[in-house]
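S.K.: Before I ask anything, let me first share the structure, which is written out below as structure tokens.
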Amino acid sequence: MNLEVNVIADKERSSSQSGGGVGNVWLRAPRGKGEPPLTRARIVQAAVALLDEEGMDRLTMRHLAERLQVGATTLYWHVATKSDVVDLAVDAIFGETSVPDQHSENPRNDIATLVNDWRQAMLRHPWAATVPSRQRPLMGPNFLAWMEFLQSALLRAGLTDKRLNAATWVLYNHVMGATATQSSLQLSAEETRLGQEYLESRRDQYPTVATYNYIADDDWDASFVAGLEFLLDGIEAQTKR
């Protein structure tokens with residue numbers, strides 16, 4: 001069994017590295033017939049549960065197959081790689097919250113609502129914020145529905161072409177960066193106290209940092225909302241130029 005799995009995995013890696021295959025799961029036809037007991041939907045559900053409970057480091061094709069109570073070879077017939085599983089799992093998260101059926105009269109309100117919902121989706125599944133689109137863009141149907149709503153709101157706000165895409169990315173980065181930091185930066189009371197003392201002892205070198213002591217500010221909600229307002233104010237100013 002191990003040899004068979006390795007052969008399949010090696011074939012997939014070779015296809016990807018040679019450039020003959022397509023690296024994005026959404027741009028390839030689904031593998032397998034999708035018949036019970038193993039379907040893509042069941043695989044994705046199990047993957048999200050595994051990631052929620054154990055984190056990204058524990059996601060392997062073999063571990064996922066064990067959770068599904070199938071052989072690893074069977075799993076490989078349905079999804080080619082671990083990256084495919086992650087892409088499918090991330091898109092499933094975006095499917096948990098419905099995109100509004102229609103826009104409101106104020107595009108700024110639409111943008112703020114979508115971005116705040118996006119953040120909540122990431123916080124429910126903290127591992128997702130550690131999967132930026134550094135390897136390939138997210139192309140799943142649920143994510144694209146969110147992106148369509150966001151970009152159409154930005155378009156109605158008066159942004160077009162490169163300014164529209166720049167605004168999209170700055171909002172994307174605000175959500176993913178803020179949630180990744182909130183999920184991973186968990187300081188104890190003792191660490192916070194020592195950090196404050198450290199900054200205070202070097203006040204002559206870092207007077208502003210010591211005064212405002214950002215290390216002790218863990219009001220993530222307030223910081224996110226304020227940061228979003230800064231961005232939306234900037235976007236609004238751009239549309240008036």
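The values are calculated or read from the model by the stated rules, or taken from the named source; none is laboratory data. This is a predicted model, so every value here is computed, not measured. Neighbour counts are summed over all protein chains in view; Cβ atoms, including those assigned to glycine, are modelled from backbone coordinates with ideal geometry. Side chains are part of the model used for accessible areas, which takes the heavy atoms of the whole protein and leaves out ligands, DNA and RNA. Shrake-Rupley method; radii C 1.70, N 1.55, O 1.52, S 1.80 Å.
S.K.: With r as the distance between the Cβ atoms of A222 and M139 and R0 = 41 Å, compute the FRET efficiency 1/(1 + (r/R0)^6) and round to 0.05.
M.R.: Taking R0 as 41 Å, the efficiency between M139 and A222 is 0.75.
S.K.: If you roll a 1.4 Å probe over the heavy atoms of the protein chains, what accessible area per residue do you get for region 180-241, in Å²?
M.R.: Heavy-atom accessible area per residue stands at 73 Å².
S.K.: Right, something else. From the residues T211, G177, L38, which one has its Cα farthest along the dipole of the chain in the positive direction, the dipole being from +1 and -1 charges on Cβ of Lys/Arg and Asp/Glu about the Cα centre?
M.R.: Of the candidates, L38 comes out farthest on the positive side.
S.K.: Calculate the FRET efficiency for L194 and L123 from the Cβ-Cβ distance with a Förster distance of 30 Å, rounded to the nearest 0.05.
M.R.: Calculated value: 0.65.
S.K.: If Lys and Arg each add +1 and Asp and Glu each add -1, what is the summed charge of the other residues whose beta carbon sits under 12 Å from the beta carbon of L232?
M.R.: Value of the local net charge: -3.
S.K.: Now for a separate question. By how many nm would the segment from D57 to N24 grow when fully extended, if each residue of separation counts as 0.36 nm and the alpha-carbon distance is taken off?
M.R.: Roughly 9.8 nm would be gained on extension.
S.K.: Under a point spin-label approximation (7 Å from Cα along Cα-to-Cβ), what is the T181-A237 distance to one decimal in nm?
M.R.: 2.0
S.K.: Sticking with this one: D101 to T130: FRET efficiency via 1/(1 + (r/R0)^6), r the Cβ-Cβ distance, R0 51 Å, to the nearest 0.05?
M.R.: 0.95
S.K.: Can I ask one more? In Å, what Kirkwood hydrodynamic radius results for region 126-199 from the alpha-carbon pair distances?
M.R.: Hydrodynamic radius (Kirkwood, Cα pairs) of region 126-199 is 14.8 Å.
S.K.: Ignoring any ligand, DNA or RNA, what whole percent of the accessible area of the chain comes from carbon and sulfur when the probe is 1.4 angstrom?
M.R.: 53
S.K.: Considering only the other residues whose Cβ falls under 15 Å of the Cβ of T97, what net charge follows from Lys and Arg at +1 and Asp and Glu at -1?
M.R.: -4
S.K.: Would you work out the relative contact order for the chain, in percent, from Cα pairs under 8 angstrom that are 6 or more residues apart?
M.R.: 17
S.K.: Could you provide, to the nearest whole Å², the per residue accessible area of region 59-166 with probe 1.4 Å?
M.R.: With all protein chains present, region 59-166 gives 48 Å² per residue.
S.K.: Given labels modelled 7 Å from the Cα in the Cβ direction, how far is it in nm from T113 to E229?
M.R.: Those two pseudo-labels are separated by 2.1 nm.
S.K.: Can you check what the net charge comes to around E66, using other residues whose Cβ is under 15 Å from the Cβ of E66 (Lys, Arg +1; Asp, Glu -1)?
M.R.: +3
S.K.: So between R202 and E148, what do we pick up on full extension, going 0.36 nm a residue minus the alpha carbon distance?
M.R.: 14.6 nm
S.K.: I've got another one for you. Over the alpha-carbon set of the chain, divide Rg by the Kirkwood Rh and report the Rg/Rh ratio to two decimals.
M.R.: 1.05
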